[in-house]
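The values are calculated or read from the model by the stated rules, or taken from the named source; none is laboratory data. Nothing here was measured: the structure is a model prediction, and the numbers come from that model. Methodologically, a virtual Cβ is constructed for each residue, glycine included, from the backbone with ideal geometry; neighbour enumeration extends over all protein chains shown. Heads up: the accessible areas ignore ligands, DNA and RNA and are worked out on the full protein's heavy atoms, side chains in. Shrake-Rupley method; radii C 1.70, N 1.55, O 1.52, S 1.80 Å.
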Amino acid sequence: MAVVVVEPVGQSQSCDSDSVYFNLQVLPMLISNCSMSGCHDAASHQEGIVLTSYQTVMNSGIIVPGDPNDGDFVRRRSLKQIRINNAPTTCFSSDKPAIQLLQTWISQGALDLNCDNGCDTLNFTWSATIKPLIQAKCKGCHQGSSPGGGVDLSNYAGVSGAAFDGSCWVL
């Protein structure tokens, strides 16, 4: 029986560089690589698996806290067995740092740790804060002639429109 420790809301601490934080590090990777339309989002839930929050990841049954070799999640990605639309996906197959981060998080107990990463919520701009996040985490799937989910995030107008109508959210 695994014990999952969840910090109470509002009791955040400084980030520890040796710890993996689900909401800061793991969830953004899952959102960008796994929980898109047609895969493991709430609407599609391929194979009955939803990967949109800590609770849904843990309820999926694909993670064995403390043992990255005993669950489907990392095993499938490292063996490249995941398929999207009957074709092998490359979501994590060549991303060794992502696989290592997931393995470390699972080895650490797959905890839902929270920390204060020093994010300044008062002094940020589109070009210095939001645009780099969109380019790093979202734009790969949400641009071009056929953007994922019909949401084009290649420019400010697309991002702001998606944010205001609720079709997009950024961590």
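Annotation: for a label point projected 7 angstrom from Cα along Cα→Cβ of SER146, residues of region 26-60 with backbone N closer than 14 Å are 38. Go ahead and run the numbers for FRET between ASP165 and ASN69, Cβ-Cβ distance against an R0 of 30 Å, rounding to 0.05. Between ASP165 and ASN69 the formula returns 0.10. For THR125, the accessible area of its heavy atoms, probed at 1.4 Å with every protein chain present, is near 70 square angstrom.
Largest accessible area first, the residues MET36, MET29 order themselves as MET36, MET29 under a 1.4 Å probe with ligands, DNA and RNA left out. Remark: spin-label model distance GLN108-LYS131 equals 3.2 nm, labels positioned 7 Å along the Cα→Cβ axis. Ranking of PHE164, PHE22, PHE124 by solvent-accessible surface, largest first: PHE164, PHE124, PHE22 (1.4 Å probe, protein heavy atoms only, all chains present). Take the Cβ atoms of HIS45 and LEU122, set R0 to 45 Å, and the FRET efficiency comes out at 0.75.
Note on LYS139: accessible area approximately 50 square angstrom, rounded to 10, probe 1.4 Å, nucleic acids and ligands left out.
Here the Karplus curve 6.51 cos²θ - 1.76 cosθ + 1.60, taken at θ = phi - 60°, turns the phi angles of region 44-58 into couplings of 7, 5, 3, 6, x, 10, 10, 10, 10, 7, 4, 4, 5, 5, 5 Hz, with x standing for Gly and Pro.
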